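Below: the structure, in structure tokens.
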Amino acid sequence: MITVLRVKNVAIIEEVELTFGEGLNILTGETGTGKSILIEAINFLLGNRASKDFIRNGAETASVEGIISIEDEDGFNALKNLGLNLTDDSDNFYDTENASNFNAQPVELLITRSLNTQGRSTCRINGRNVTVGMLKEVAAFLVDIHGQHQHHSLLDANKHIILLDRFCGTELQTLKTELADLIADYREVSRQLKELQGVPGQREAQMEIWQFQADEISKAKLKLGEEEELEQKRNRLSATEKLAKHSNEALYLLYGGTFDVSSATDQIGKALQHVTDLARFDESKRPLVARINELSIQLTDIIEDLSNYQKSLDSDPHVLEQLESRLDLIYRLKKKYKGNVEDILAHFDKISEQLAKYTNIEDEIIQLTAKRREKMQIVAAKCNEMTAIRRKQSEIIQARIVESLQDLGMKDVQFAISIEKQAAFTANGNDKLEFMISPNVGETLKPLSQIASGGEMSRIMLALKEVMADVDKIGTLIFDEIDTGVSGRTAQKVAEKLTKIAKSHQILCITHLPQIAAMADKHFVISKAVNRHEDREVTLTSVRELPVHGTIQELARLIGGAQITAATIKAAEEMHEMGILLKDSKD
């Protein structure tokens, strides 16, 4: 609800402040006094664009400020999603990031917007700078403006299903909650299935790669420590020539010998003979015989070992080649798999596990596919339940709207709610819903957005608002000259319907009809006058709230025009009293 509106330096308004009340707030005045300027100011406050002509001549900046109460949970959540702070009358701030529950208590927003002559616009909500987009997002839950050239919220087909669902009550809301859980389950199963299936053909390609790697590593028969052992063997075999030379020289010195040079074996043999002869004459040297004899035996063993070693060096000329080939394989695998032998074996274990897992994956895919199909069927069944409720309630709404429009003089009108099934599912089910209308005989039903007549559009909006009043959560409705093209009994019906809607919504209505003005809970008159301002004459608009006697005078003007007579005053008094009686009867 708009409680206070301040407009400064807008068009021919220098500065006005209005305090609106609950119920029906009526604004009247002569043509050209600036009534529509107030609507433009509210539009600007709520995020609409404005040109530099919007600024009063001679001023640098135009500004509009409004104190608006937000009473709907959807609007509260919109502010929360934008991260805006809410404040109550005590200036206590609610942290919208942590506030989760709407307590149904009105929260006042201070919205300000200004435009300077350089075209720069600033927007604030509760003192915080916001973008125009953020402002519009919040405003969509606060005020709905209906006029011959306004973009009505009810023309947005995306909102039709929201309004109908509110009308459907708790039964549908329960189904929506259940559907949200079912869709979450369906999406989780779909996610698991997609993860298993992967990109088409990618899983098979990956399995082929893993299988090739597993075969390659398995065939290599790698062992921990093998590489170090092979390198040692290779180093030894690569020095075979030197090893053979040294072993030959050693054998030659120990066992070989020549005619000129005796070997160690020969020398020890001769020494043994001499010591044996010595022991015959000196018994104390007999132990030397045993020790030299033992040395001869050890030398024989050494010669045998060297001889065998020498033979082994020449036993297989291809051993070095085989060792080099094996080491080359190990080096190549290490480079390919970017790690050592231990890393390669760990990779082998990992891909073997994956291959084992994917061996039976087709069975799991079949099971998940069946499970997803089952979830889809349950979701579809729940959506069908929702559709049935919507169709049932739409018949009630259609009849009520047609009846309301006929009361407003559209005798041949047809109204229908189109409900079509879609393939995709959302939290609202799979219904595509749109309001359809045919104002005149012979015209086919068309979407509400295609209605061209401003007068018809205003009455259609009024009828929709009347029927949807209890479920339409937008707190303030503004009707700009909704009475265009109506008179007599239809005018009285418009007045009665506005009064009915005003029981649950705040209404600001610009009108020229006394029947509507007579129903006002608050009545404002808009006028303009030429004033002297800084050595020049300027035309300025003023707005004032009327007391009872002022309302009667204004009603008399609306009834009789410029010439107010005793008869028009009497008629105005009777109309004012009748308005009070009608409002009381509606209560």
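The values are calculated or read from the model by the stated rules, or taken from the named source; none is laboratory data. All of these numbers come straight from a predicted model, not from anything done at the bench. Every residue, glycine as well, gets a Cβ built from its backbone with ideal geometry; the counts of neighbours run over all protein chains shown. Surface areas here come from the heavy atoms of the whole protein model, side chains and all, with no ligands, DNA or RNA. Shrake-Rupley method; radii C 1.70, N 1.55, O 1.52, S 1.80 Å.
Against the chain, whose longest principal axis comes from its Cα atoms, helix 286-313 is set at around 50 degrees.
Working from label points 7 Å from Cα in the Cα-to-Cβ sense, the VAL319 to LYS136 distance is 8.8 nm.
Would you please give the FRET efficiency between ASP156 and ASP328, computed as 1/(1 + (r/R0)^6) with r the Cβ-Cβ distance and R0 = 56 Å, to the nearest 0.05?
Details: r = 74 Å, r/R0 = 1.31.
That pair, ASP156 with ASP328, gives E of 0.15.
Under a 1.4 angstrom probe, counting protein chains only, how are PHE425, PHE281 ranked by accessible area, largest first? Provide the component values of the computation, followed by the final result.
Values: PHE425 50, PHE281 190 Å².
From most exposed to least exposed: PHE281, PHE425.
With Cα atoms defining each centre, region 465-540 and region 295-311 are spaced 127 Å apart in the structure. Taken per residue, the accessible surface of region 474-521 reaches 27 Å², heavy atoms only and a 1.4 Å probe. Semi-axes of the equivalent ellipsoid of region 485-587 are 28, 17, 12 Å, computed as sqrt(5λ) over the eigenvalues of the C-alpha gyration tensor in descending order. The convex hull drawn around the Cα atoms of the chain, when projected onto a plane and averaged over every direction, covers 56.7 nm².
Using every Cα-Cα pair within region 164-256, state what percent have a distance larger than 22 Å.
Everything past 22 Å amounts to 71 percent.
A helix-only calculation puts the chain at -17500 deg cm²/dmol for mean residue ellipticity at 222 nm, using -39500 (n - 2.57) for each DSSP H run of at least four residues, averaged over all residues.
May I ask you to rank ASP185, ASP305, ASP144 by accessible area, largest first, using a 1.4 Å probe over the protein chains only?
Numbers: ASP185 70, ASP305 105, ASP144 5 Å².
Highest to lowest solvent-accessible surface, that is ASP305, ASP185, ASP144.
Lysine pairs in region 274-404 whose alpha-carbon atoms fall under 21 angstrom of each other, counting only those eight or more residues apart or on distinct chains, come to 7.
Over the chain, with every protein chain in place, what whole percent of the accessible area is carbon and sulfur at 1.4 Å, could you tell me? Mind dumping the intermediate values first?
Working: 15990 of 32370 Å².
Taking all protein chains in place, the chain shows 49 percent carbon and sulfur surface.
Global dimensions of region 296-429 from alpha-carbon coordinates: Rg and Dmax equal 42.1, 140 Å.
Using a probe of 1.4 Å on the protein chains alone, the accessible area found for SER114 is around 30 Å².
Net charge dipole, region 1-80: roughly 320 debye, given to the nearest 20, about the Cα centre with Cβ charges of +1 for Lys and Arg and -1 for Asp and Glu. Look at the dipole of the chain built from charges on Cβ: of LEU433, SER527, ASN158, the Cα furthest out on the positive end belongs to SER527.
With every protein chain in place and a 1.4 angstrom probe, the accessible-area ranking of ARG56, ARG536, ARG373, largest first, reads ARG373, ARG536, ARG56. A convex hull fitted to the Cα coordinates of region 318-357 yields 71 cubic angstrom per residue.
Contour minus end-to-end for ASN81 and ARG536, with contour as 0.36 nm per residue of separation and end-to-end as the Cα-Cα distance?
Gain on stretching ASN81 to ARG536: 158.8 nm.
Accessible surface computed residue by residue for region 240-370, with neighbouring protein chains in place and a 1.4 Å probe, gives 72 Å² per residue.
Taking label points 7 Å from Cα along the Cα-to-Cβ direction, GLU362 and SER527 give a separation of 9.2 nm.
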